[in-house]
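Read the structure below first, then the notes.
The values are calculated or read from the model by the stated rules, or taken from the named source; none is laboratory data. Keep in mind the model is a prediction, meaning the values are calculated, not measured. Backbone-built Cβ (ideal geometry, glycine too); neighbour counts: all protein chains shown. Each accessible area value is taken on the protein alone, full model and side chains, heavy atoms only, with ligands, DNA and RNA left out. Shrake-Rupley method; radii C 1.70, N 1.55, O 1.52, S 1.80 Å.
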Amino acid sequence: MRTISIKERLLTGGRFLPKAVAWFLFFIFLVFLAGRYYTVIGQEIYPVLHMLIEFVIVAVAICAALMSWYDYKYKHELKMLLLSLTFCLVAPFEFAHALSYMGMPDFITSNTVDKASTLFIITKLILAVGLLAAVVYGEKIVVIRRSALIPALSFLLSIGVIYLIVTNLAVLPDMYDAASGSQTIPKVFLGYLVIAIEAIAMLWILTKKWAQSQDLYLGMALIIIIMSDLAFIYYLSPYDTYNLLGHIFQVFSFAFIFKAIIDDALGMLYETNRTLARQWEMLAEKNQQLLEADRLKDEFLANTNHELRTPLSAIIAFTEILLDECTGTLNEMQKDYLGEISDSGKELLGRINGFLDLSKIAAGKTVLYKEVLNVYELIGEVSSRIRPLFNQKGITLEIPRADISVKVWGDRDKTGQILTNLLSNALKFTAPGGQVTVGVEQDDSAGVYISVTDTGIGIEAVDQEKIFQSFQQVDGTTSRKYSGTGIGLALAKELVDLHGGHIGVSSEINKGSTFTFMLPTEETEEKGR
Ligand code: ADP
């Protein structure tokens, strides 16, 4: 972690320094007031006033205990667990101290100043030690399972200890000398000890390497606690303005600690929020870059395919001229070779056209010329074109009996292309002797379902989604058995989508596959990209 200078630290944390100075001046002013208007408050008013202040202190202590425990639960900072533990002990002790005050109804045993002072100084010791431990262990991360038990048990423990103290007060050293009406030496000594511990904690904050605004508030709280403890050492009467000031300072110090804890918890929320916002911005930027790269790729593909098509068409045309023997007779071998060139050229042209179609769809440039199509007529046209290839491979192609009434609303060429792609795949992935069946089913509400069923190699369930994405093949390795570019189904899906229909597959490995696409029977809104 980066080392931060004290000055830098004081200047960070939300303009902390001016706030700290203002608060400090305010507290000095209170000290001045307590001295300037020094008075011993009436015994009938002070216990009520004291109880009210103590009530606020206890409430803040309970809130601090709960809040720091929640903070620990999510961040696992030992500091927060120690603070929670400290305030779980401090809250009952503080309350017991308030109930033991002179003028209050007896609390377990009869109330005395000594009893209230003893509970008071123990509270102070717990608070000072707890704060020092929390400050020293700083950001140490400790994961404790069932951590809620720690504050809960310490709360119960403190109640037991309070009972033991008030019932065995006689064995403890006196904190208040009723005869002289002043604090005893042990009480003053413990008072200074508390101040010393708190001073160490405060110095620790200022010198340690990590410090955030919440730590500065903790430091501020420690300064006020020290001021409060000085007031408690120097008061002349337990009912005077200095004693009152000590309590007021204590309220402020608890409030500052509470603020430090809240800042810590909220800081975590803000930080998470900021990180999320930053990541969101980065994602949006990356997304923009990806979209741009995708657009450039489509543009490049479209241009390249176009450039490839022109010379390829010339190769095919001249091969056909040679094959027609317009330029002279050919021997059988020459005819064979030219036939191969022509077939391969046409295959290549088919693939290039596929790429071109796909990039056109991606660029949103595909226009559908829709009309009412007779489904059986369409199947007849496509199957008659492709049937020779099925015969050649020894695969039976079955098409349904003509039924004039089945019609769809679609683009003749594009719909034919969807069916051709599915039949070509069925042919490719079915072994000789197999069977391919075209089926038609009319659904009154949605449209017409056209299916191509084969008895081929089948597709595993995990691959059934991805094969509709561009360039995805079940076997994408270079050593694969079946040739192809992985765009046939992607193209079919895009074209079906453009028609406002949908396409899907059901398949079982080594048994066969059925590809089904739906085309609407009526005009639907064309889907843009
Ligand atoms: P290509 O056939 O050029 O590889 P397609 O997009 O047409 O590309 O098909 C993608 C993949 O889906 C194929 O590589 C194949 O793995 C699988 N596939 C498509 N049709 C079938 C089918 N009828 N039987 C088994 N697998 C198929």
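Between a first residue in the stretch 456-474 that is of a type in the set (Asp, Glu) and more than 9 Å from the ligand (Cβ to nearest atom) and a second residue that is part of a loop (DSSP other than H, G, I, E, B) and modelled with pLDDT of 85 or more, which pairs have beta carbons less than 6 Å apart while being 6 or more apart in sequence or on different chains?
These pairs meet every condition: Glu460/Ile509.
In the list Ala98, Ala22, which residue meets the criterion of being hydrophobic (A, V, I, L, M, F, W, C), without any contact (Cβ under 8 Å) to a residue 60 or more places away in the chain and touching a His at 6+ places or on another chain (Cβ under 9 Å)?
Ala98
Would you please name the residue that is surrounded by the most Cβ atoms within 10 Å (Cβ to Cβ), looking only at residues in the stretch 372-403 that are of a type outside the set (A, V, I, L, M, F, W, C) and either assigned to a loop (DSSP other than H, G, I, E, B) or not assigned by TED's automatic domain parsing to the domain that holds Ile487 (or both)?
Filtering the stretch 372-403 for residues that are of a type outside the set (A, V, I, L, M, F, W, C) and either assigned to a loop (DSSP other than H, G, I, E, B) or not assigned by TED's automatic domain parsing to the domain that holds Ile487 (or both), the one surrounded by the most Cβ atoms within 10 Å (Cβ to Cβ) comes out as Pro400.
For the stretch 168-187, name all the residues that are surrounded by 11 or more Cβ atoms within 10 Å (Cβ to Cβ) and either hydroxyl-bearing (Ser, Thr, Tyr) or touching a Ser or Thr at 6+ places or on another chain (Cβ under 9 Å) (or both).
Leu169, Leu172, Pro173, Asp174, Met175, Tyr176, Asp177, Gly181, Ser182, Gln183, Thr184, Lys187
Working carefully through the options Thr396, Thr415, find the one that is of a type in the set (S, T, N, Q) and within 16 Å of the ligand (Cβ to nearest atom).
Thr396
Of the conditions (1) of a type in the set (Ser, Thr, Tyr); (2) closer than 25 Å to Gln392 by Cα; (3) modelled with pLDDT under 95; (4) in contact with a strand residue (DSSP E or B) (Cβ under 6 Å, 6 or more places away or on another chain), Ser513 clears all except one; give me its number.
It fails just one condition, (3).
Give the residue, chosen from Ile226, Ile159, that is out of contact with any strand residue (DSSP E or B) (no Cβ under 6 Å at 6 or more places or on another chain), among the hydrophobic types (A, V, I, L, M, F, W, C), assigned by TED's automatic domain parsing to the domain that holds His50 and closer than 30 Å to Gly267 by Cβ.
Going through Ile226, Ile159 in turn, the sole match is Ile226.
So which of Leu190, Leu157, Leu230, Leu216 is closer than 21 Å to Lys115 by Cβ and open to solvent by less than 70 Å² (accessible area, probe 1.4 Å)?
Just one listed residue meets the conditions, Leu190.
Taking the stretch 413-441 on its own, how many of its residues are within 12 Å of Ser451 (Cα to Cα), open to solvent by 40 Å² or more (accessible area, probe 1.4 Å) and touching a Ser or Thr at 6+ places or on another chain (Cβ under 6 Å)?
1
Identify, by number, the condition in (1) within 7 Å of the ligand (Cβ to nearest atom); (2) within 12 Å of Phe468 (Cα to Cα) that Leu495 doesn't meet.
(1)
Quickly run through the stretch 455-501 and pick out the residues that are of a type outside the set (Val, Ile, Thr), assigned to a loop (DSSP other than H, G, I, E, B), open to solvent by less than 20 Å² (accessible area, probe 1.4 Å) and more than 28 Å from Arg401 (Cβ to Cβ).
Gly484, Gly486
Report yes if Ser237 is open to solvent by less than 30 Å² (accessible area, probe 1.4 Å), in contact with a Lys or Arg (Cβ under 8 Å, 6 or more places away or on another chain), in the same structural domain as Asp106 (by TED's automatic domain parsing) and outside any helix (DSSP H, G or I), otherwise no.
Criteria not met by Ser237.
Determine the pairs where a residue that is in a helix (DSSP H, G or I), located within the stretch 306-320, has a partner that is among the small types (Gly, Ala, Ser) and surrounded by 12 or more Cβ atoms within 10 Å (Cβ to Cβ) with Cβ atoms under 7 Å apart, the partner being 6 or more residues away or on another chain.
Leu312/Gly345; Ile315/Gly345; Ile316/Ser342; Ile316/Gly345; Thr319/Ser342; Thr319/Gly345; Glu320/Ser342
Which one of these does Glu441 not meet: (1) farther than 19 Å from Ser483 by Cβ; (2) of a type outside the set (A, V, I, L, M, F, W, C); (3) touching a Leu at 6+ places or on another chain (Cβ under 8 Å)?
The one condition Glu441 does not meet is (3).
Report every pair of residues separated by at least 6 positions or lying on different chains whose Cβ atoms are under 6 Å apart, first residue within the stretch 260-275 and open to solvent by less than 30 Å² (accessible area, probe 1.4 Å), second among the aliphatic types (A, V, I, L, M).
These pairs meet every condition: Ala260/Leu218; Ile261/Ala64; Ile261/Met67.
Quick one: Ala152 ticks every box in (1) open to solvent by 30 Å² or more (accessible area, probe 1.4 Å); (2) closer than 16 Å to Leu132 by Cα bar one, so which box is it?
If we test Ala152 against (1) open to solvent by 30 Å² or more (accessible area, probe 1.4 Å); (2) closer than 16 Å to Leu132 by Cα, just (2) comes out false.
When you scan the stretch 243-250, do you find a residue that is farther than 18 Å from Tyr137 by Cα, in contact with a His (Cβ under 9 Å, 6 or more places away or on another chain) and open to solvent by 10 Å² or more (accessible area, probe 1.4 Å), even just one?
yes
Test each condition in (1) among the small types (Gly, Ala, Ser); (2) modelled with pLDDT of 90 or more; (3) closer than 24 Å to Glu347 by Cβ for Ser483 and report the one that comes out false.
So the condition that Ser483 fails would be (2).
What number of residues in the stretch 442-454 are near the ligand (Cβ under 8 Å from one of its atoms) and either open to solvent by 10 Å² or more (accessible area, probe 1.4 Å) or in contact with a Cys (Cβ under 8 Å, 6 or more places away or on another chain) (or both)?
Summing the residues that are near the ligand (Cβ under 8 Å from one of its atoms) and either open to solvent by 10 Å² or more (accessible area, probe 1.4 Å) or in contact with a Cys (Cβ under 8 Å, 6 or more places away or on another chain) (or both) in the stretch 442-454 gives 1.
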